[in-house]
Structures are given as C-alpha cells and as structure tokens.
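The structure appears below as structure tokens.
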Amino acid sequence: MASLNLGFSGARKKAVARIRAVERRNLITVCRFSVKTLIDRSCFETIDDTSAEFINFVSILEHILSHRLKGQVSWFGYESPRSFWDYIRVACSKVPHSCIHSIENMENVRSSRAKGRAWIRVALMEKRLSEYISAALRDFKTTRRFYEEGAVVLGEEAGLLADTLIGLNAIDFSFCLKGEGLDESCPVVIDYTPYLKFTQTSDSISSDEEEMRTLGSSGSEAGTPESHMAASLMADQSTWYSKSKRLEQKYRVVLEQKGYLEELVRLREAQLSESVSQNKSLLQRLTDTELSHKLEKEQLEIIILELQDQLTVMKNHDLRSRQELTSHLTNQWPSPGALDTNAVALDTLLYRKRTGPWEEKSFQSLEQLSADMSLSQMSLDPAQLNTHSLDSKAGHTNWHREGKEDTPSLRGLCGSLTSMASYKSLASLKSSEYLASPTTDMTSPGLTPS
C-alpha cells in the first residue's frame, strides 16, 4: 500500500508539473501572438482602449502577472487575494524615473487592480513596459516572496516574456486614464479564436491533390475531353492558389520576424551605447578622483614642509631668545671686579671709623646706602673726587635733616648686596664697636658711637 501511495503521489506531482508547464507555455505563446497582432494592426490604425487586439493583449498580460500569485495573509490566518500591482509597486520602485509614484497619487484610480491596469497603459505610452518587467524579474527575492512555485515569472519563460514585449516599443499608444473602465472588478477573459488557425501541411496538400486526381480519373469515363481538360485546369489552379497562399503566409511570418529582430537589434544597440557612455563616465570619474587625490597628497606634502620650516624657525627663535636672556642676565649681575671694589670701599669706611670719629648717619633706603658706598669708592679715585663731592654733600645734608639714627641692619643688607667679604667686614665692625663702648644699651635698635 505504501508503494502504491508513493506511486500515486509521484504520478500526481508529475501531472501537476505538466499542467503548470502547459499553462506557462500557453500564456507565453498567446502573448507572442498578441504582440505580433498589435504590431500588424498599428500599421493601419491607432491603438487605443477600444481596439480588440489591445484589450486581448492586456487580458493576457494580466493573466501572466497574476499566475500563481500568493494571497495576502491577514491577522487571523485567512488569505485574501491580491493584485499584481502589489508586486510591481515593490519590485519596480528602484527603476529610475519610474511612474510608480505618479500612479500611487492618482485620485480617480482607487483599487489595486485599477492601478495595475493604469500602470500597463502608462508604461506602454512611455515605451518602457519591457524595462519595468525586466527590472521586476531581476529582483528575484521579491518575486519569490509574491509568487508560488510554477508561476510564469519564476520559470524559464520569464526571459522570453521580457524579450517579447520589446517589440511594443515601436508602437505609439494613446490612452485616457480618466475613465471608469479601469475600476471594473470582473475578471478578464482571453480570446483565443484569433490565434486558432489551422495551417495545412505540404503532405496534407499533396494527399488532397492525389484524392482529387483519383476522383477526376474515376469520372473521366463518362465525361468528354473538354470536361477532362477543365477538371485538370481547375486542379492546377487550386494547387497554384494554395501554393501562393502558403508563400504569402510565410512571407508575412518572415516579415514579422524581421521587424521584431530589427527592433531587438535597435534596443540592444541603444543599451550598448548607454553602457559605453556609462563606462566612459565612470572612467572619467575615476581619473578625476585619482587626480584630486594626487593634488591633495601634493598639498599635504607642501603643508608638511611649511610646518617643518615654521618649526625650525621657531626653534631658532627660541634658541636666540634663550641666548639673549642669558646674556642679559649675565650683564645685569655685577662682575667680580666691581664686587672687589665695593669691598674695598666698605673697608675704607671701617678704617675711617677706627681712625676718626664716626659720623652719625641715617639711611632711609637702600639707594642712599648704595650712594654712600659709591661715594666712598670715589674717594679712592682722585679723578672722580671732585665730580661726586657735591652729590655726597647734598646726600649728607639730607640725611641730617631727616634725623634718624644709623641702623646696623641696613649696613648688613648693604653688605649682602655687594659681596660676602663686605658682610664679614661689617661683622668685624660691630664687634669692634662693642669692644670700644661697653656701656652701650643692648635694647636700642641702632648703634651710637661713644
């Protein structure tokens, strides 16, 4: 039983696959016939909504795009039917300069079925129906999401469909999208009768001729020679007429194929030229990008060199500033010779203290003390004695007018401004004063000679 069930299931699968294949083949074949009929009719009249050939073509295309289209599953698990416009709207959204957005915003077209029919008419007027179909078929992921297995758009016949629709680009269509015929909810029906024409083969024609000759020969016994001649002439005439009809039919088929191939070649040439132009533009952009990168690199190198030069200049300026600061500080500090001279001047003052009476002086500032030191120094130089005598007298008068006592702390500070030797001389001066006057008051802030 299991083997019988497997055999039945396998046979059923084969039957279903055959049915689907026949459906696809029938739809593609009748679509090709419809396109050829439209091309022939466009040579004599304008194609519009009232043309029977166009109505049949639109019905065939809707059947192809709706073949095994998946339904839309609701929240409760029910599957509601959908139109092929839902698939076209998603799959053709990335086509440049597409009419999808315009059809979505049409006010007089409400239903999804009406929008799909409006899209077919607009694409035909734009001569881009084949382009839209090709773009939708290239989006294989979206196509698998909307269609079930065995659909025309998922089979090998999908490529033939796009190639067949190229021939419609040679027709100038004109449609009115404001009518109410787009919103009809009744299903479309394909009319197969224009394409169901029996073509008699050459073998069948020869057999018919043999039968006619046999019939003529059987009736020749009762007829006259004129009747035999008339019968033979009629047979020859019918034969030539049938041959001419066959030749005419073949010529029309060849002419249609020639027009289709020419249109296909023209489209391929246009695509090739467009690809070449795009390739040139890409190469130009690549060249421009390389040049811009090269220029940017050169500019960066120039900027780096300028920054390095600026850094070198700043380092040189910093080194020069350091040298100038060092030299300035070195020149501000007194030289060893000057320090020795100041020490000698202070020793001279100490010598005057020992030899003669100490003059009472008070210094209000370090400048007065340094002036006194410089006066003592000039006393050692006879050449400068006359120049600074007046200044020393003026300073002496000023000190006596202030009336302050001498402060040993100022003398010590003066020694710190000159040298360590001066400080030592000042210390010896203090010790000699204490030894000379034992009755000095230790609590007094200054020292007064006895």
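Quick notes
- Complete set of residues in segment 113-130 that are out of contact with any Ser or Thr (no Cβ under 9 Å at 6 or more places or on another chain) and open to solvent by 10 Å² or more (accessible area, probe 1.4 Å): Arg117, Arg121, Glu126, Lys127
- Some residue of segment 46-60 being open to solvent by less than 70 Å² (accessible area, probe 1.4 Å), acidic (Asp, Glu) and within 15 Å of Tyr132 (Cβ to Cβ): no
- Within segment 171-210, restricting attention to residues that are within 20 Å of Gln257 (Cα to Cα) and surrounded by 15 or more Cβ atoms within 10 Å (Cβ to Cβ), the residue that is modelled with the highest pLDDT is Ile171.
- Boolean, Lys115 is of a type in the set (Lys, Arg) and in a helix (DSSP H, G or I): yes
- Scanning segment 58-90 for residues that are at pLDDT 90 or above and more than 23 Å from Phe175 (Cβ to Cβ) yields His67, Arg68, Leu69, Lys70, Val90.
- Complete set of residues in segment 36-81 that are under 46 Å from the mean Cα position of the chain (by Cα), without any contact (Cβ under 8 Å) to a residue 24 or more places away in the chain and assigned to a loop (DSSP other than H, G, I, E, B): Ser66, Gly71, Ser74, Trp75, Phe76, Gly77, Tyr78, Pro81
- In segment 82-112, the qualifying residues are those that are of a type in the set (S, T, N, Q) and in a loop (DSSP other than H, G, I, E, B), and the one that is surrounded by the fewest Cβ atoms within 10 Å (Cβ to Cβ) is Asn105.
- Within segment 15-32, at least one residue is closer than 23 Å to Thr164 by Cβ, touching a helix residue (DSSP H, G or I) at 6+ places or on another chain (Cβ under 6 Å) and open to solvent by 60 Å² or more (accessible area, probe 1.4 Å).
- Selection status of Arg145, open to solvent by 40 Å² or more (accessible area, probe 1.4 Å), assigned to a helix (DSSP H, G or I) and under 24 Å from Arg82 (Cβ atoms): yes
The values are calculated or read from the model by the stated rules, or taken from the named source; none is laboratory data. This one's a predicted model, so the numbers in the text were calculated from it and none came from an experiment. Cβ: placed from backbone, ideal geometry, glycine included. Neighbour counts: every protein chain shown. The accessibility values were calculated without ligands, DNA or RNA, using every heavy atom of the protein model including side chains. Shrake-Rupley method; radii C 1.70, N 1.55, O 1.52, S 1.80 Å.
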